[in-house]
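Before any comments, here is the structure.
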Amino acid sequence: MESSVATPPAGPPPRMGPPKSSNDAVEASAAWRLSDRIGLAICWALGLLFCAIAVAIVLYLMVKGLAYLKPSMLVTPATAGFSQSQSGGFSDALIGTLIVAVMGISIALPIGIGVAVWLVEYGRPVALARIAESTIEAIAGIPSIVLALFGTVIFSSTALGFLSRTSEGVVFGRSFFAASAMLSLVALPLIVASTREGLNAIPHHVREASYAIGKTKIATTRRILLPAARPQVATGAMLGLGRIIGDTAIIVVLLGATQNFAPVGGAFPINYLRGAGTTLTNFVYEASPTGNLNQPEKAYAAAFVLLLMVLALNAAVDVIHRRARKVGTWSS
Amino acid sequence: MEEEYLPEYGPKWSDQRAERMLGALVCAVVGLLLAMIITVFARAWPSFAHNGLAWFGAGGSVEEQLNQIYLSGLSGANYVYTFHGWQLIWSTMLITGGAVTIALFCSLFVSVFIVEFAPEWMRNILQPVVRFLASVPSVIYGLLGVLVIVPFIGNHLVTEPQKASVAGVISLSGYSLLAAVLILTVMIAPLMVSIFSDGLRAVRPGWLEGSLALGVNRWRTTWKIAVRTARPAIVAGTVLAVARAIGEAVMLAMVSGSVAFAPNPADGLIFIYEPSRPLAPTIVKNIDSLGSPPANATLFAIAAVLLFSAAFFSLAGWVARRAMRKYGATA
């Protein structure tokens, strides 16, 4: 007795229990039209291409870097020489990168946290909050070469002459102070965004509980909210560090032109910080075939060291995330 | 937590005082940005004022003009400001346009793959890969471009007859539009992927389930529902990538050839092998002439153009993201 009611197609018996995850295939792509399957194939191809590019970059730099990197390069400064074997290493660049990273992040972190706290916890007048938000976004969108040019204006002014080399009233304007100050602007938006995310994730009842036992807003922020948002703050700091270490334009304009430290008069740490210097990115830029040094072997070695730093920062972000997830999230 | 109340947070860190201090900090950051915009445009003014709209036009060789400007500044009087930046602007447009077009296509597929179709293990590989590609410093991309991509193009892709055909005009050595576009694509695609996948994840599951319940397959559902709903995120990611691409200086200074030349697509496919130089690398390459007042004004004028375009695209991205609220998606 055939009716118009369609009989269910014969197939495998229905699966028992819920699907394991959203990714548990609900249908086989074999049943799709050809055009859809071609699209899926493009997805796979491009996904694998991304992986291949990343693997190629790491492997290629590792092979070249390990081939040319000698431990002595890490401890000898660059010297003038005719061949790549004579011209020393890049210890000054390595130390310069560390100096710039430490100084840049120590300027950016307090400012970034302050701005984020104000935006999330205070945020009044609303108009100022709007303006501040778009300011941070605008800073994130400004090309670093423009920041660098702005830096030349600030740090070449006579009022700030004590931060860099000055001769006969002309302020040189190139120093670790100048470069770090402008680099902190590169890191600032990342720190603000990450800290805001962390503060916003804390549910309101936590704040209310704190107010209820008589704490002021700022005490709550310092004692409860910021410690709770520490993983996100740390993530922002790591991302910011990565940008500071990787930036080249600001270094070339506000620090470099030399491959060695050029200390200026003054007490010990200050004389180096006031002087010009170099970082790994600047060294790679100058040592590449288009730069002034043209020592590709050393460029590979320095680039490998730089890549290791970036990979370490990425790993640090991963560890922070995993730890934060283990601690768990707020129940609301 | 009961003994946490410490008196020094009372009078010293009173709320009003803290709020005022933080507010002042925020105002200082805002003021800094304003000062930067005003400074850059003020410094750029002589160059714009002298050239007018011809600044953006074509005419003569930019190299020659920059040299004249620089030399006139050393002599003291009679500053020369004549500058026609079309070659640089055209190069910026070609490289940015090419890279963003390719990256848009790739990123869309990859983010759909990450969000919807990749098996768990593939997703766990792809997400760190995208993050890694986004964090590689541009100078490393530039180095790999100069030492790997450029020689490959110069030795294997450009044929001898092609080199001979333009020998009198420009030399095709591999420093080319093609190299710049390819590397810039790899640099901006991860940025787009992360914003696109945030947008795709924010699509309401109910809408997708509704489509699936109607018997539409997952591929069609993704493209017809998820991607369309996430359109504002796609616009936002694209404009941010454009802003990033316009501002990229160091990598392009290394691989684009650093020759002020406007490749002409009407010449046939050979134009992708021709060298050029966008706006941002011009600043890096001429940074030593900052001491000459007219050269200083010209470089700040280039910076002002970059700043204006970056601001324009940031604004466009912001508008797009506001439009997204209507869809209940946030990114």
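The angle separating the long axis of helix A:91-117 from the principal Cα axis of greatest extent in chain A is about 60 degrees.
Using alpha carbons only, how many degrees (0 to 90, rounded to 10) separate the axis of helix A:34-68 from the longest principal axis of chain A? Result, in degrees: 30. The calculated 222 nm mean residue ellipticity attributable to helices in the protein assembly as shown amounts to -20500 deg cm²/dmol, summing -39500 (n - 2.57) over DSSP H runs of n ≥ 4 and dividing by all residues. Here's the picture: charge each Lys and Arg Cβ at +1 and each Asp and Glu Cβ at -1 in the protein assembly as shown, and of A:LEU225, B:ILE287, A:GLY246 the one pushed furthest to the positive end of that dipole is A:LEU225. Pop the C-beta distance of B:ALA167 and B:GLU64 into the FRET formula with R0 = 22 Å and round what comes out to the nearest 0.05. It comes to 0.60.
So, R0 is 22 Å and r is the distance between the beta-carbons of A:LYS70 and A:ALA315; what FRET efficiency does that work out to, to 0.05?
0.30
Between A:GLY96, A:GLY151, A:ILE213, the Cα set farthest toward the positive side of the dipole of region A:92-278 (charges on each charged residue's Cβ, about the Cα centre) is that of A:ILE213. The dipole here belongs to region A:179-237: it is taken about the Cα centre, uses +1 on the Cβ of Lys and Arg and -1 on the Cβ of Asp and Glu, and is about 220 debye. Ordering B:ILE246, B:SER111, B:LEU94 by Cα displacement along the dipole of chain B toward the positive end leaves B:SER111 in first place; charges were set at the Cβ atoms of Lys, Arg (+1) and Asp, Glu (-1).
Label-to-label distance for A:HIS205 and B:PHE41 is 5.0 nm, based on points extended 7 Å past Cα in the beta-carbon direction.
Applying 1/(1 + (r/R0)^6) with r as the Cβ-Cβ distance of A:ARG33 and B:ALA213 and R0 = 30 angstrom yields a FRET efficiency of 0.95. The simple spin-label model puts a point 7 Å past each Cα toward its Cβ; for B:MET21 and A:VAL170 those points are separated by 4.2 nm. Here each label is just a point 7 Å from Cα along the line to Cβ, and for A:ILE213 and A:ALA159 those points are 4.6 nm apart.
Between A:ARG325 and A:ARG130, residue separation times 0.36 nm minus the direct Cα-Cα distance comes to 67.1 nm.
Each Lys and Arg adds +1 at its Cβ and each Asp and Glu adds -1 at its Cβ; summed about the Cα centre, chain B shows a dipole of about 960 debye. Given +1 at the Cβ of Lys and Arg, -1 at the Cβ of Asp and Glu and no other charges, the dipole of region A:92-278 around its Cα centre is 520 debye to the nearest 20.
Where a number appears in this text, it was derived from the coordinates with a stated rule and is not lab data. Quick caveat: nothing in here was measured; it's all calculated off a predicted structure. For neighbour counting, all protein chains shown are included, and Cβ atoms are generated from backbone atoms with ideal geometry for every residue, glycine included.
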